[in-house]
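Beneath this line is the structure, given in structure tokens, with notes to follow.
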Amino acid sequence: MISVEAMRNWQMKSAMVTLGLALVFGACLHSHAMERWTALAQIESGNNDHALGLAGEVSRYQIKPRVWHRYASADANWRNAAQSLPIAKAAMRDRCAAFQRTFRRPPTDFEFYVLWNAPGQIRKPSQAVRKRAQRFCNLVNSDLNVPGGLVNAPPLLQPDASPMRDNSKVPDLKLTSK
């Protein structure tokens, strides 16, 4: 026969284990998914603040020159993530608002990436854009702190292998509109 005190101890330990599991599981659901902007920078440039794309895209987010000119102040530095992020967010705020007016809902992660990379293809993205959008979704939804997460990710989760120059030794580029 079990004493009343032993039963209380067992119930207390059981409740603590249950609470601990609930906290760990809840933390996994909310802390492991990569934030959209982090995933976008990873896909677009491998988080390289000095990345300059072949078509003149700038920053870790690979912002097209016409977009940079539209949203950036004259003294904004594209090599500074703290300055380029608000510019990328402003462009996406407008694109997402237009998407919501058209489709009457916010974009999914897949659509978010297509809106960033090829907004004109939102209804029918090319195969290349679909592949990158799927990699973006994989990053956003990845569990980064477990074996097999991003550190040991299969090639599908690696940043886009499109040619890009590292211009860390190139003087600052002054973007001007024509």
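Please list, in chain and number order, the residues 5+ apart from residue 52 or on another chain whose amide H is under 5 Å from its amide H, with Hs placed from the backbone.
165, 167
Going highest first, how would you order 99-111, 57-69, 115-127, 78-90 by mean Cβ packing within 10 Å?
The packing order, highest mean first, is 57-69, 78-90, 115-127, 99-111.
If a paramagnetic tag sat 7 Å from the Cα of residue 94 along the Cα-Cβ line, which residues of region 60-77 would have the backbone N under 16 Å from that point?
63-74, by backbone N distance to the label point.
Where a number appears in this text, it was derived from the coordinates with a stated rule and is not lab data. Computed from a prediction, not measured in an experiment: that's the story for all the values here. Here Cβ is always computed from backbone atoms with ideal geometry, including for glycine, and neighbour counts include all displayed protein chains.
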